[in-house]
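Engineer: If you scroll down you'll find the structure; I have some questions about it.
Since every read-out is calculated from the coordinates, none of them should be taken as a lab result. As the structure is a computational prediction, the values presented were derived from the model and not from experiment. Note: ideal-geometry Cβ built from the backbone for every residue, glycine included; neighbour counts use all protein chains shown.
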Amino acid sequence: MQPLLRGALAACALALAAQAALAQAYPDKPLTLVVPFAAGSGTDSVARAVAAGLSARLKQPVIVDNKPGANAQIAAQFVAKAKGDGYTLFMTTNTS
């Protein structure tokens, strides 16, 4: 077999293997939506509406976790240190 044909077949095999790996179910456990403001704030209200929509669409619970303080740094550091698996989300606002 020619090297070019062998390389093309190997590339096709790798592409098919990668496609199968991407077909994993997400999410398979609850998500956490971290909000850097207290419960009852405007951002918290929007986050709870977003969480309800996500939960209905993804068929998994979405937990709103309020971590107020230090101008959002507490929540931001919590999310930055979280496992990078896509199950911890951060929602904030830009105010002026």
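Engineer: Just to confirm a number: summing +1 for Lys and Arg and -1 for Asp and Glu over residues other than Asp28 whose beta-carbon lies under 13 angstrom from that of Asp28, what do you get?
Structural biologist: My count for the surroundings of Asp28 gives +1.
Engineer: Once the other residues with Cβ under 15 Å from the Cβ of Val64 are scored (Lys, Arg +1; Asp, Glu -1), what is the net sum?
Structural biologist: 0
Engineer: Determine the principal axes of the Cα atoms in the range 24-90, then give the extent along each, sorted from largest to smallest and rounded to whole angstroms.
Structural biologist: Sorted from largest, the Cα extents of the range 24-90 read 37, 25, 10 Å.
Engineer: For the range 28-45, take each phi angle, set θ = phi - 60°, evaluate the Karplus expression 6.51 cos²θ - 1.76 cosθ + 1.60, and give the result in whole Hz per residue in order, putting x for glycine and proline.
Structural biologist: My calculation for the range 28-45 gives 10, 8, x, 9, 10, 10, 8, 10, x, 10, 5, 4, x, 6, x, 5, 5, 4 Hz in order.
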